[in-house]
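Engineer: Take this structure, written in C-alpha cells, and hold onto it; I'll ask about it next.
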Amino acid sequence: MERWATFDCYGTLIDWNGGVRAELARVFGDDQADVLLARYHDAEPDLQQDGSRSYRDVLTETMRRLGAPPGQEHALAESLPGWRAFPEVKNALVELRHRGWRLAILSNTDTDFIAASQVNIGVPFDEVVVSQEIGSYKPAHRHWEEFFDRTKAPREGHVHVAASLFHDIAPANELGLRSVWINRLGEPATVQPTAELTDLFSLPETIDELVAA
C-alpha cells in the first residue's frame, strides 16, 4: 500500500513563530514583540476566512492592523522566504522517504513562499497544495480534498502532521483522518489527535506504528 504523510509547513516544518516574532521585534521593538505576536495569531484567521486574499496580502494587512509604521507593512512578507526550518526536520523527512513514505505539504500560503521554504527544508516533496491555488484556507477542508483528488492516496495509508489544533488537527478529525500533533509549545489539547509529539525526531517511528508498511 502507498503511504502518504501530509504536513502543515509553518509552525510544523518552518519556525513560523520565530520568524514572525523576529520581524515584529525589528519593526516594533523587542519589548512589544510577544504581545503583537499574540495579536497576530488572533487577527490572521479573520483575514483568511473567505479565501479571497493571497497570503502575502494577509501578512501585509495584518501588519497594518498591528500599526506598522509607513513603509513597514510588507516587512513580514519580505522576511518569510528567510524563515528557517526547525533543526530536526530535514533528517526526519529524509528518514521518512527512506522508509517509503511519500511526502506532501498542505499550507495556508502562496506558491512563491512555499517554493522558498522548500529550499530551506532541503527535502523534496511529492505534492504541494497551497491556498493561493485553491482559494481556501485551513481549517476549511479544501486542502485535503485537493490532495486526495490529485494523488488518489489511500486514506488508510495517510497521516497528517501539524502543529495547529485549530487549522489542522480539528479538520483532520472531522474528515476521519489520522493525525500527529507536533506540540512544540506545550499547549493543552482542545481536540484529540491520533498521536502527539513535541518535535519530529521520533516521527518516522510514530507514523510507522500508525500505518504499517
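The values are calculated or read from the model by the stated rules, or taken from the named source; none is laboratory data. Source: prediction; values computed, not measured. All Cβ positions, even for glycine, are placed from backbone atoms using ideal geometry, and neighbour counts span all protein chains on display. With ligands, DNA and RNA removed, areas are computed over all heavy atoms of the protein, side chains included. Shrake-Rupley method; radii C 1.70, N 1.55, O 1.52, S 1.80 Å.
Engineer: Got at least one residue in the range 131-150 being over 22 Å from Asp46 (Cβ atoms), among the small types (Gly, Ala, Ser) and surrounded by fewer than 17 Cβ atoms within 10 Å (Cβ to Cβ)?
Structural biologist: No, the range 131-150 contains no residue that is over 22 Å from Asp46 (Cβ atoms), among the small types (Gly, Ala, Ser) and surrounded by fewer than 17 Cβ atoms within 10 Å (Cβ to Cβ).
Every residue, every condition in (1) without any contact (Cβ under 8 Å) to a residue 12 or more places away in the chain; (2) more than 20 Å from Gln132 (Cβ to Cβ); (3) surrounded by fewer than 16 Cβ atoms within 10 Å (Cβ to Cβ), yes or no:
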{"site": "Gly19", "(1), (2), (3)": "no, no, no"}
{"site": "Leu24", "(1), (2), (3)": "no, yes, no"}
{"site": "Phe28", "(1), (2), (3)": "no, yes, no"}
{"site": "His41", "(1), (2), (3)": "yes, yes, yes"}
{"site": "Glu44", "(1), (2), (3)": "no, no, no"}
{"site": "Asp50", "(1), (2), (3)": "yes, no, yes"}
{"site": "Arg53", "(1), (2), (3)": "yes, no, no"}
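Engineer: Among the residues of the range 159-177, is any in a strand (DSSP E or B) and either open to solvent by 40 Å² or more (accessible area, probe 1.4 Å) or out of contact with any helix residue (DSSP H, G or I) (no Cβ under 8 Å at 6 or more places or on another chain) (or both)?
Structural biologist: Within the range 159-177, the subset in a strand (DSSP E or B) is 159-162.
Checking the rest, the ones that are also either open to solvent by 40 Å² or more (accessible area, probe 1.4 Å) or out of contact with any helix residue (DSSP H, G or I) (no Cβ under 8 Å at 6 or more places or on another chain) (or both) come to none.
Within the range 159-177 (the criterion being in a strand (DSSP E or B) and either open to solvent by 40 Å² or more (accessible area, probe 1.4 Å) or out of contact with any helix residue (DSSP H, G or I) (no Cβ under 8 Å at 6 or more places or on another chain) (or both)), the answer is no, since none of the residues qualifies.
Engineer: Here is a further query. From the set of residues in the range 195-213 that are over 18 Å from the mean Cα position of the chain (by Cα) and in a loop (DSSP other than H, G, I, E, B), which is farthest from Trp101 (Cα to Cα)?
Structural biologist: Ser202
Engineer: Follow-up. Which one of Arg97, Arg84, Arg65 is open to solvent by 50 Å² or more (accessible area, probe 1.4 Å) and either within 16 Å of Asp8 (Cα to Cα) or within 18 Å of the chain's Cα centre (by Cα) (or both)?
Structural biologist: The unique qualifying residue is Arg84.
Engineer: Yes or no: Ala92 among the hydrophobic types (A, V, I, L, M, F, W, C), under 24 Å from Ile182 (Cα atoms) and touching a strand residue (DSSP E or B) at 6+ places or on another chain (Cβ under 7 Å)? So that I can check it myself, show each step before the final result.
Structural biologist: Numbers: among the hydrophobic types (A, V, I, L, M, F, W, C): yes; under 24 Å from Ile182 (Cα atoms): yes; touching a strand residue (DSSP E or B) at 6+ places or on another chain (Cβ under 7 Å): no.
The answer is no for Ala92.
Engineer: Still on this structure, please answer the following. Take the residues in the range 13-53 that are assigned to a loop (DSSP other than H, G, I, E, B) and closer than 19 Å to Gly82 by Cβ, then tell me which one is farthest from the chain's Cα centre (by Cα).
Structural biologist: Step one: of the range 13-53, the residues assigned to a loop (DSSP other than H, G, I, E, B) are 13, 15, 29, 49-53.
In the following step, the residues that additionally are closer than 19 Å to Gly82 by Cβ were identified as 13, 15.
Numbers: Leu13: 7, Asp15: 9 Å.
Checking each candidate, the answer is Asp15.
Engineer: What number of residues within the range 68-81 are outside any helix (DSSP H, G or I) and surrounded by fewer than 16 Cβ atoms within 10 Å (Cβ to Cβ)?
Structural biologist: In the first step, residues of the range 68-81 are kept if they are outside any helix (DSSP H, G or I); the result is 68-74.
Narrowing the set further to residues that are surrounded by fewer than 16 Cβ atoms within 10 Å (Cβ to Cβ) leaves 69-71, 74.
The number of residues fulfilling the criteria is 4.
Engineer: So which residues in the range 106-127 are hydrophobic (A, V, I, L, M, F, W, C), under 21 Å from Asp57 (Cα atoms) and open to solvent by less than 30 Å² (accessible area, probe 1.4 Å)? Spell out how you get there, then give the answer.
Structural biologist: Looking only at the range 106-127, we keep the residues that are hydrophobic (A, V, I, L, M, F, W, C), and these are 106, 113-116, 119, 121, 123, 125.
Adding the requirement that they be under 21 Å from Asp57 (Cα atoms) leaves 106, 113-116.
Passing the criteria: Leu106, Phe113, Ile114, Ala116.
Engineer: Within the range 145-169, which residues are touching a Pro at 6+ places or on another chain (Cβ under 8 Å) and either of a type in the set (Asp, Glu) or over 17 Å from Tyr10 (Cβ atoms) (or both)?
Structural biologist: Within the range 145-169, Asp168 is the sole residue that qualifies.
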